[in-house]
Number of protein chains: 4
Amino acid sequence: MRGYTMKSADYLRRLRRIEGQVRGLQRMIEEDVYCIDVLTQVAAVTKSLQGVGMGLLDEHLRHCVRAAIADDGVEGDEKIDEALKAVERLLRT
Amino acid sequence: MRGYTMKSADYLRRLRRIEGQVRGLQRMIEEDVYCIDVLTQVAAVTKSLQGVGMGLLDEHLRHCVRAAIADDGVEGDEKIDEALKAVERLLRT
Amino acid sequence: MRGYTMKSADYLRRLRRIEGQVRGLQRMIEEDVYCIDVLTQVAAVTKSLQGVGMGLLDEHLRHCVRAAIADDGVEGDEKIDEALKAVERLLRT
Amino acid sequence: MRGYTMKSADYLRRLRRIEGQVRGLQRMIEEDVYCIDVLTQVAAVTKSLQGVGMGLLDEHLRHCVRAAIADDGVEGDEKIDEALKAVERLLRT
């Protein structure tokens, strides 16, 4: 069960944009841009990445957790555990 | 005054690794990897980016803020303001 | 449906400890403790609060979302929306 | 050197309000308020605490770091180290 299969084009588009932003950061370093301006851009890329993360969490809850609960109680709990651990990892970074 | 000039090779190395990680994320999506595993990798890339952000903040405090304080009181305050706003942006993302 | 009803004693115990930590912060300010030490304690209290937040999210997913999915598809989606918005609020703070 | 001495009344006022918010959370638990509403309030209290944390960081940079740099180069570096470690602790919580 891959929750986000149908939206993989969206994830790829977002990730290619993030790849471009990371290359932009390299150019900023090469061009000796003022460190605070680079830092502002680092925060923007982090935000883009967290958008992807929230999308994946959405898919996980809406598809994997949902299917597991509808299907079988025990697996539902495991999927919820995975979701909570993922949220903790996002919060800790 | 570009605080991090002498370490730009380190930043570039780290950012190229992050670029590779973002391409790795694209492959995970293309290969339909389980969403929680993609999410774990998103958290790892976010952490790498925050490492770059902390490095830039370090340089800003150690070079730009320091030089401005040694030089001229008013500009020191401006540089500290910039640092605090940058920290807030990092915390909010 | 109050998911955490049976564990409310745990939440209260944790929140009373957090209340004590916040009073401890007031004492630190009154006693002019070094600002970095106060800041370390602020981070500790924030962590305790996020523990309570993760507990509430756990309960929400394990009880409210689960019951709504088992019960009725539409309400399940609403509960998942609430969970995602709550995660976003935790991430933004 | 206590950077925030002159503003301790502000910190105390904010911390007393946070103490009240934490007691409000206890009441919400006792009254079995819907878990998502408690979670929203947990996020609000976390934000208030981070406001105090940012205030302390501001004071540290503007007073302790500044005085140490003006005074003596080595201690300036130590104070900046402390500031960076404090930011990391805030980011990790």
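Would you tally the residues in the range D:33-44 being closer than 18 Å to B:Glu88 by Cβ and touching a residue at least 12 places away in the same chain (Cβ under 8 Å)?
Residues of the range D:33-44 that are closer than 18 Å to B:Glu88 by Cβ, as a first pass: D:43-44.
Keeping just the survivors that are touching a residue at least 12 places away in the same chain (Cβ under 8 Å) gives D:44.
Of the residues in that region, 1 qualify.
Select, from D:Asp32, D:Asp58, D:Asp37, the only residue that is open to solvent by 10 Å² or more (accessible area, probe 1.4 Å), under 18 Å from C:Thr46 (Cβ atoms) and modelled with pLDDT of 90 or more.
When all the criteria are applied, what remains is D:Asp58.
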When restricted to C:Arg17, C:Arg2, C:Arg23, the only residue open to solvent by 50 Å² or more (accessible area, probe 1.4 Å), at pLDDT 95 or above, facing chain D (nearest Cβ under 7 Å) and under 28 Å from D:Val33 (Cα atoms) is C:Arg23
For the range C:40-65: of the residues being among the hydroxyl-bearing types (Ser, Thr, Tyr) and within 15 Å of the chain's Cα centre (by Cα), which is nearest to the other protein chains (Cβ to nearest Cβ)? C:Thr46
Just to check your reading of the model, which residue among D:Asp32, D:Asp72, D:Asp37 is more than 8 Å from chain C (Cβ to nearest Cβ), closer than 25 Å to C:Asp81 by Cβ and of a type in the set (D, E, K, R)? D:Asp37
What are the residues in the range B:75-88 that are within 10 Å of chain A (Cβ to nearest Cβ) and crowded, with 17+ Cβ neighbours inside 10 Å, if any? B:Lys79, B:Glu82, B:Ala83, B:Ala86, B:Val87
Looking only at the range A:45-55, which residues are within 17 Å of B:Gln21 (Cα to Cα) and open to solvent by less than 40 Å² (accessible area, probe 1.4 Å)? A:Val45, A:Thr46, A:Ser48, A:Leu49, A:Gln50, A:Gly51, A:Val52, A:Gly53
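The values are calculated or read from the model by the stated rules, or taken from the named source; none is laboratory data. The structure presented is a predicted model; accordingly, all values stated were derived computationally and were not measured. Heads up, the Cβs are rebuilt from the backbone with ideal geometry, glycines too, and the neighbour counts pull from every protein chain shown. SASA here: full protein model, heavy atoms, side chains in, ligands and nucleic acids out. Shrake-Rupley method; radii C 1.70, N 1.55, O 1.52, S 1.80 Å.
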